[in-house]
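What follows is a set of notes on a single structure, which appears directly below.
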Amino acid sequence: TYRPLTMSLFAIEWNFFKDNSSSYHFVQVLLYAVLCVVIFILLKKLLKEYHPLLPFIAVLIFVSHPIHTEVTANIKGADEILSLLFCTLTLLFAIKFSETQLKRYLGISFLFFLCALFSKESGVTFILIIPIALFFFTSASRKSIFTIAAIHASAILIYFLARNSAL
């Protein structure tokens, strides 16, 4: 597998913490907390038509689910956390682009998607999730959705080219 962003995180942690495993776990919990905050922000944006308590309850369920707590407790799970964090940020900025049509948001979304792919390959599934979320939860035009999908498809191409070149 090709996960240079995750490996870089481990290298940085090793540089600072060496054999102090509690520090690695602290970083995991911190990343997970940031992920939960970003998911809450995203859900508030996607579910603005519903009661404001709904995103909060959804994040509480996410936080307490055993699969997620296992990923957080396991230091190796950083790839999962980073990938979902970057995918969530990708969707958040894709929504901002669809609302404002400011190209900088599309560029930021593209960079976050690349980071998600360089964290773990499973981020590639968001190439379908993003257009579907935009279609059902926003008033984005089909042209805007297609533009966003095309830009993110180019990120996948860059990832596969980099992976093939490295491996």
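How many of the residues making up the stretch 69-91 are open to solvent by less than 30 Å² (accessible area, probe 1.4 Å) and either acidic (D, E) or over 9 Å from the mean Cα position of the chain (by Cα) (or both)?
4
Among the residues of the stretch 142-167, which ones are exposed (fewer than 15 other Cβ atoms within 10 Å of the Cβ) and free of Cβ contacts under 8 Å to residues at least 24 places away in the same chain?
Of everything in the stretch 142-167, those that are exposed (fewer than 15 other Cβ atoms within 10 Å of the Cβ) and free of Cβ contacts under 8 Å to residues at least 24 places away in the same chain turn out to be R142, K143, F146, A150, L157, F160, L161, N164, S165.
Please find, among L30, L53, L42, the residue that is at pLDDT 90 or above and open to solvent by less than 60 Å² (accessible area, probe 1.4 Å).
Within the list L30, L53, L42, the selection yields L42.
Any chance the stretch 98-119 includes a residue that's touching a residue at least 60 places away in the same chain (Cβ under 8 Å), closer than 24 Å to F137 by Cα, crowded, with 22+ Cβ neighbours inside 10 Å and not small (G, A, S)?
Looking for residues that are touching a residue at least 60 places away in the same chain (Cβ under 8 Å), closer than 24 Å to F137 by Cα, crowded, with 22+ Cβ neighbours inside 10 Å and not small (G, A, S), one finds none in the stretch 98-119, hence no.
The values are calculated or read from the model by the stated rules, or taken from the named source; none is laboratory data. Because the structure is predicted, anything quoted here is derived from the model rather than measured. We place every Cβ from the backbone using ideal geometry, glycine too, and count neighbours over all the protein chains shown. Heavy atoms of the whole protein, side chains included, go into the accessibility calculation; ligands, DNA and RNA do not. Shrake-Rupley method; radii C 1.70, N 1.55, O 1.52, S 1.80 Å.
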